[in-house]
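Below is one structure, written out as structure tokens; the observations come after it.
The values are calculated or read from the model by the stated rules, or taken from the named source; none is laboratory data. A quick note: this is a predicted structure, and the numbers were derived from the prediction, not measured. Here the Cβ is made from the backbone with ideal geometry for all residues, glycine too, and neighbour counts use every protein chain on show. These area figures cover heavy atoms from the full protein model, side chains too; ligands, DNA and RNA do not enter into them. Shrake-Rupley method; radii C 1.70, N 1.55, O 1.52, S 1.80 Å.
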Amino acid sequence: MMKKFIRRDPQHRDQVPFLQLLPNLVTLSGMCLGLTSIRFAMDGRYDGAALLILLAALMDGLDGLLARRLNATSNFGAELDSLSDFLCFGVAPGLLVYRYFLEPSNNFGWIFVLVFAAACCLRLARFNVMRDENEAQTSHHFLGVPAPAGAMLGLLPLFLALSGIVDLRATPHLVAFWIGLVGLLMISRIKTFSPKAMRIPRALVGLMMFATVAAVGLMFTRIWLLLVTLDLIYLAMLVHGALKARRQGPV
């Protein structure tokens, strides 16, 4: 009985579908935004630097969504995503806050920038080694403040200044303590909000739609005020979750 041999085209073995590469390309684009944010911060273009970090956060959400939808998840992509997150949400926000608020405090402010960046790095490292457990939990909650949310919280003093509400440059020590606290929240064991677990009561669907319209309007007119509002809402959710967990006690 003769065996049939199927001859494979060697070109196909050396080719990768573009859709399989797309999530990693989005991750690299986000990393470039984080690097450019650092450059903008060094040039004193603080509003542009903050917007680039915000865009990097959107890219971070997009690459994970694409990877899952296109079935293009891989260990390489996960490691690349963590390295990009450390740059965009640990290094870039820390340097931006230092340039805007903490340079007059010299070494004191820099210590808290290092704490913030190190906490982000430790969080991402913990996420990587607990990846399987995290995937099972993220449908309900995150453990600690996620890196993108931590970056947005760390930038709250800058958002307050750019929105004209309050300028904290006269109190750099307060800003330093704030970013140090945010760093601790990132490596904490507090259960924090996950969008996948969000459920909207039917009675509030209409209100949610109007709130979305208002948010889009603020995005193009008072974006810094919008970011302050979102940060305060997230902080309120953190406090509520922490108090609820404390009342329930250890499980």
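Data for the structure
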read-out	value
Neighbours by Cβ (under 7 Å, 6+ apart or cross-chain): first from region 150-171, closer than 13 Å to Leu225 by Cβ and free of Cβ contacts under 8 Å to residues at least 40 places away in the same chain; second assigned to a helix (DSSP H, G or I) and open to solvent by 30 Å² or more (accessible area, probe 1.4 Å)	Val166/Leu160
Lone qualifier among Gly180, Gly206 - being farther than 25 Å from Ala118 by Cβ and open to solvent by less than 60 Å² (accessible area, probe 1.4 Å)	Gly206
Among the candidates Val91, Val166, Val115, residue that is open to solvent by 30 Å² or more (accessible area, probe 1.4 Å) and not in a helix (DSSP H, G or I)	Val166
Residue under evaluation Ala72, criteria (1) surrounded by 15 or more Cβ atoms within 10 Å (Cβ to Cβ); (2) within 19 Å of Phe89 (Cβ to Cβ), criterion not met	(2)
Residues of region 53-69 satisfying the condition of being of a type in the set (A, V, I, L, M), within 11 Å of the chain's Cα centre (by Cα) and either farther than 17 Å from Ala147 by Cβ or open to solvent by 30 Å² or more (accessible area, probe 1.4 Å) (or both)	Leu54, Leu55, Leu58, Met59
